[in-house]
Amino acid sequence: MSGPPLLRVGVVGYGVMGKAHCYAYRVAPMLRRLPVTPAVAVISGRTAPAVAAAAAAYGVAEYTTDWRALVGRDDIEIVDICTPPGTHAEIAAAAAAAGKAVLCEKPLAVSYQDAAAALAAVTAAGVHNAVSFNYRRLPAVSLMRRMIWAGAIGEVRLWRATWLSDEFTDPATSFDWRFDRAMGGTTIADLGSHLIDLARWQVGGIRAVCAQAETFIRSRPGADGGARDVTVDDAAGAIGTMEVARAAMRRPCDFTIEANGSHGTLVFDYARLNELRYGRADDDEGLYGMRRIRAEHPSHPYAADWWPLGQGVGYGSSFVNQVADLLEGWPGAPWEPGFGDGAAAQAVCAAMETSAAEGRWVTIGEITGTPEPPPA
């Protein structure tokens with residue numbers, strides 16, 4: 001008995017994100033009935049021995065050191081971009097011009113101008129496009145959004161998020177693309193783009209920002225033994241709403257989201273990623289505080305696709321859910337979040353970067369040339 005037809009994917013980049021995306025294509029058809037069976041046919045990377053080892057480990061039959069050759073293959077229908085952010089826009093534009101659907105890791109680009117160009121390229125080509133804002137697809141985060149929109153906390157008054165990491169705390173960490181703003185983008189763009197997307201998705205548009213940013217370790221040892229100047233920030237925040245840092249000791253990957261409304265509060269903590277905390281003003285006073293919701297019931301987003309109640313899911317599930325969502329309606333249904341969402345998040349990142357540099361409030365309209373819609 002033959003199954004759904006193969007949909008061949010080319011993955012550009014073989015690091016952690018390349019690994020996560022290859023895993024997702026393999027697992028998604030096990031969890032959800034799809035009209036196609038995705039298969040990673042080729043993976044690319046700059047260093048032949050490393051990409052060859054990755055291809056063998058990920059179960060990918062072919063590899064190349066030339067991403068342009070991957071994009072140009074007639075059998076590839078989806079180009080999945082998992083390279084450093086400074087390369088995203090160019091690869092996305094080339095893939096769109098070749099008529100390929102494009103899935104791009106976040107951030108969509110390192111500047112709003114490049115993000116807008118990538119959006120224009122996929123729009124002109126009329127191809128499917130999406131940005132990998134995968135945390136939307138964690139069951140608890142998706143449930144949080146559903147509850148907010150259903151009025152579970154009333155009128156939303158406050159939204160805040162933090163993302164703290166210790167990735168950059170060691171001064172001896174060698175200089176690489178992550179410390180080069182032109183290639184890796186800022187911490188605002190790297191970590192903040194996720195939080196900005198979640199804010200826009202959960203509670204609506206962002207109109208203006210005021211931010212601060214700081215680089216604590218201003219040089220790093222280079223490959224030649226000399227010092228290299230760091231051109232990205234270690235920490236940043238938009239006042240009252242968001243903080244991102246890669247200089248928080250003993251914080252491996254800790255992020256939280258909290259929404260406060262006229263009738264209640266919802267809290268997500270990534271360290272307990274299968275749970276939400278929830279409390280309402282009209283709860284029994286004798287039980288003051290917040291209850292724990294385990295976002296694993298079949299009625300909760302994505303939970304029915306996974307394990308029995310009580311087993312939970314992990315980081316990798318967000319990528320699997322992403323692939324399943326994107327391909328469930330292939331080829332007719334549009335993808336989301338699309339490059340429009342990626343460009344909108346990048347505009348907020350650019351506004352925060354401008355605010356931090358100039359010490360003032362910056363409207364999103366200053367960046368885009370058009371006013372951001374008011375919060376929904």
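Coordinate-derived values only; no laboratory data. Worth saying up front: this structure is predicted, and the values here are computed from it rather than measured. All Cβ positions, glycine included, derive from the backbone under ideal geometry; neighbour counts span all protein chains shown.
In sequence order, the stretch 326-341 has phi-based couplings of 5, 9, 4, x, 5, x, x, 6, x, 9, 8, x, x, 4, x, 5 Hz under the Karplus curve 6.51 cos²θ - 1.76 cosθ + 1.60, θ = phi - 60°, and Gly or Pro positions carry x. Treating r as the C-beta distance of Trp177 and Ala304 and R0 as 45 Å, the FRET efficiency rounds to 0.70.
Taking the Cα centre of each part, how many Å lie between the stretch 310-376 and the stretch 85-103? Taking the Cα centre of the stretch 85-103 as reference, the centre of the stretch 310-376 is 17 Å away.
Taking only the alpha carbons of the stretch 278-376, we obtain Rg and Dmax values of 20.3, 53 Å in that order.
Given their separation in residues at 0.36 nm each and the Cα-Cα distance between them, Asp282 and Gln311 gain 7.3 nm when the chain is fully extended.
About its Cα centre, the dipole of the stretch 1-146 is roughly 680 debye, where the only charges are +1 on Lys and Arg Cβ and -1 on Asp and Glu Cβ. Seen from Ala248, the other residues with C-beta closer than 12 Å to its C-beta sum to a net charge of -2, counting Lys and Arg as +1 and Asp and Glu as -1. Here the stretch 161-231 is treated with +1 on each Lys and Arg Cβ and -1 on each Asp and Glu Cβ, and its dipole about the Cα centre works out to around 300 debye.
Considering all projection directions equally, how large on average is the shadow of the alpha-carbon convex hull of the chain, in square nanometres?
Details: hull surface 81.5 nm².
The number I arrive at for the chain is 20.4 nm².
Placing a pseudo-label 7 Å from each Cα along the Cα-to-Cβ vector at Ser262 and Ala208 gives an inter-label distance of 2.4 nm. Protection proxy ranking, highest mean first, for peptides 104-110, 265-271, 10-16: 104-110, 10-16, 265-271, where packing is the per-residue count of other beta-carbon atoms within 10 Å, averaged. Farthest toward the positive end of the dipole of the stretch 139-246, out of Val230, Met242, Pro171, is the Cα of Met242, where the dipole comes from beta carbon charges about the Cα centre.
In this rough spin-label picture, where each label sits 7 Å from Cα along the Cβ direction, the Trp149-Phe216 distance is 3.8 nm.
The local environment of Ala259, defined by Cβ-Cβ distances under 14 Å, has a net charge of +4 under the rule Lys, Arg +1 and Asp, Glu -1. Taking label positions 7 Å along the Cα-Cβ direction at both Ala61 and Asp75, the computed distance is 0.5 nm, reported to one decimal.
Ranked by the mean number of other Cβ atoms within 10 Å of their residues, highest first, the peptides 246-257, 74-85, 183-194, 139-150 come out as 183-194, 74-85, 139-150, 246-257. Full extension of the segment from Leu158 to Arg228, taken as 0.36 nm per residue of separation minus the current Cα-Cα distance, would add 21.2 nm.
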